[in-house]
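Beneath this line is the structure, given in structure tokens, with notes to follow.
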Amino acid sequence: MDKTILHIDMNAFFASVEQACNPALRGKPMAVCGEIAKGSKYPRTIITTASYEARALGVKTVMTIPEAKALCPNLILVAGNLDKYIDISLKIQKIMLDFTDNVEVFSIDECFMDVSDIIKFHANAESIALQIKVRIKNELGLRCSVGIAPNKLLAKLASDMKKPDGLTIIREEDKDKVLETLPIEDLCGIGRHLQEKLNYLGIKTAKQLGSASINLLTHHFGFIGYALKQMGQGIDHSPVKKYDAHDVVKSVGHTHTLTQDTWDLDVVKSYLLMLSEKVSVRLRQYKMVGKTVSLVIRYSDFETFGRQKSLGEYIKTGKKIYDTAFALFNEKFKFEKAVRLVGVSISNLVADDGQQYLIDKMRRQAVITNTIDEINSKYGEFTVKPSSLIIAEKFGILERCGIMSKRLIK
């Protein structure tokens, strides 16, 4: 059976959400960025998303704030609010689910839909796409671009062809013409490093990739060479996953860029504890335990190091994750430069069997942990928290990073 796939891509999503929520931002060059440190003129992070008005003046994603301001002195900066974007994203997904449950979330602002089974109830796939676009615009005040094609690879390619507010169809009989001069970097899955390697082999267009010798591709790229050749031919057999299908969780982690570089060990420790607690909460939500803890440290000069340690037991509490992460910091990292970013993750995961503890102290700790989870789930993340997190809170961490509490654990 021939497939009909839609790719819905929200236009300048974070910036568009802010403009939809705040009429004063509409029609003006603005950008979403990270938090602003106390006493700092600009945020110390990068441009996350720029509005189309700002893009017209040269402002791009991942620019530093001074670079963006040099191009657009009147650029309005808005600190990002991930909770808001997730909420809007879920509302967008709900609109799609009103049509079919064959909805695969690709990212916070992108989804695939397989409408093959529901076209018979509509005039055509374009009619479905237009209904979705109208509902998103009317209900949320946002624009999106939609690509329609026989597979996910081409549908995503189509949605990128006309922005903002586009609707593009690539039919099976038209794909060879589309791919003939298409730069390989426009294919989803080909990043800069892979592009450079393919360019070195003289492969610069999708057609050249699809026509390349399989021996050449597998010699340089191994088994992935087969997939690359199919991509160049516009072939993609991967199905759209149903909305309630979940990938196996392989790791859980959080990173945070500090509001300002620090030499203060207590600040680093407080952030490590905060991140460890956030990791542990998600781990328990997934009903999993892990035994390999990883730590990432980025210094003020952007030099970045990562180390990990595997334990002899599976763990799930923030305290144990923190103890391991801080031990790694003490053993592996030199505090010779100011710290800019910290990150903690846990991997080597298995399902938590919910075993009962025989030792009273461990059993009491498990009860306390579960009780804290219930309170924080009901009243907000970190309603109850270790008192040492106050250091990170005073250092400038914002509410959106999860510090919202009034009560403490001594």
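The values are calculated or read from the model by the stated rules, or taken from the named source; none is laboratory data. The model shown is predicted, which means the values in this text are computed figures rather than measured ones. All Cβ positions, even for glycine, are placed from backbone atoms using ideal geometry, and neighbour counts span all protein chains on display.
As for the stretch 279-293, it holds no residue that is hydroxyl-bearing (Ser, Thr, Tyr), within 18 Å of LEU265 (Cα to Cα) and touching a residue at least 12 places away in the same chain (Cβ under 8 Å).
Answer with yes or no whether THR304 is within 29 Å of CYS33 (Cβ to Cβ) and touching a helix residue (DSSP H, G or I) at 6+ places or on another chain (Cβ under 8 Å). Spelling it out, it is not the case that THR304 is within 29 Å of CYS33 (Cβ to Cβ) and touching a helix residue (DSSP H, G or I) at 6+ places or on another chain (Cβ under 8 Å).
Hey, any hits in the stretch 330-353 for a residue that's exposed (fewer than 15 other Cβ atoms within 10 Å of the Cβ) and touching a Lys or Arg at 6+ places or on another chain (Cβ under 6 Å)? Yes, some residue in the stretch 330-353 is exposed (fewer than 15 other Cβ atoms within 10 Å of the Cβ) and touching a Lys or Arg at 6+ places or on another chain (Cβ under 6 Å).
Each row is one residue, and each column tells you yes or no for (1) at pLDDT 95 or above; (2) buried (at least 20 other Cβ atoms within 10 Å of the Cβ).
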site: TYR200; (1), (2): yes, no
site: ILE203; (1), (2): yes, yes
site: LYS207; (1), (2): yes, yes
site: SER213; (1), (2): yes, no
site: HIS219; (1), (2): no, no
site: ILE224; (1), (2): no, no
site: GLN230; (1), (2): yes, no
site: GLN233; (1), (2): yes, no
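Criterion applied to ILE108, ILE148, ILE118 was being modelled with pLDDT of 95 or more, assigned by TED's automatic domain parsing to the domain that holds ALA15, of a type in the set (Val, Ile, Thr) and out of contact with any Asp or Glu (no Cβ under 7 Å at 6 or more places or on another chain), and the one residue passing it is ILE118.
In the set LEU75, LEU82, LEU90, only one residue is out of contact with any Lys or Arg (no Cβ under 8 Å at 6 or more places or on another chain), of a type in the set (A, V, I, L, M, F, W, C) and in the same structural domain as ASP9 (by TED's automatic domain parsing); that residue is LEU90. Scanning the stretch 179-203 for residues that are of a type in the set (D, E, K, R) and under 18 Å from ILE235 (Cα atoms) turns up GLU180, GLU185, ASP186.
Of the residues ILE128, ILE119, the single one that is of a type in the set (A, V, I, L, M) and surrounded by 15 or more Cβ atoms within 10 Å (Cβ to Cβ) is ILE128.
Assessment of the stretch 173-195 against the conditions (closer than 22 Å to PHE14 by Cα and either touching a helix residue (DSSP H, G or I) at 6+ places or on another chain (Cβ under 8 Å) or assigned by TED's automatic domain parsing to the domain that holds ALA56 (or both)) yields at least one matching residue. Scanning the stretch 195-222 for residues that are assigned to a loop (DSSP other than H, G, I, E, B) and either among the basic types (Lys, Arg) or out of contact with any His (no Cβ under 8 Å at 6 or more places or on another chain) (or both) yields GLY202, ILE203, LYS204, ALA212, SER213, GLY222.
Checking LEU201, LEU179, LEU167, LEU209 one by one, the residue that is without any contact (Cβ under 8 Å) to a residue 24 or more places away in the chain and more than 19 Å from SER107 (Cβ to Cβ) is LEU201 and no other. All told, ILE65 falls short of being over 16 Å from PRO29 (Cβ atoms) and of a type in the set (Val, Ile, Thr). In summary, LYS156 fulfils each of the numbered conditions (1) of a type in the set (D, E, K, R); (2) surrounded by fewer than 16 Cβ atoms within 10 Å (Cβ to Cβ); (3) in contact with a His (Cβ under 8 Å, 6 or more places away or on another chain) with the single exception of condition (2).
Listed by first and then second residue, the pairs with beta-carbon distance under 6 Å, at least 6 apart or on different chains, first residue in the stretch 229-255 and on the phi > 0 side of the Ramachandran plot, second surrounded by 15 or more Cβ atoms within 10 Å (Cβ to Cβ), are GLY234/LEU154; GLY234/LYS175; GLY234/LEU179. Among residues of the stretch 45-84 being of a type in the set (Val, Ile, Thr) and part of a loop (DSSP other than H, G, I, E, B), the one that is surrounded by the fewest Cβ atoms within 10 Å (Cβ to Cβ) is VAL62. Just to be sure before I move on: is LYS269 among the basic types (Lys, Arg) and surrounded by 18 or more Cβ atoms within 10 Å (Cβ to Cβ) in the structure I sent? It is true that LYS269 is among the basic types (Lys, Arg) and surrounded by 18 or more Cβ atoms within 10 Å (Cβ to Cβ). Pairs are defined by a Cβ separation below 6 Å, a sequence spacing of at least 6 or placement on different chains, a first member in the stretch 44-58 that is within 14 Å of ARG26 (Cα to Cα), and a second member that is assigned to a strand (DSSP E or B); the pairs so defined are ALA50/ALA31; SER51/MET30; ALA54/ALA31.
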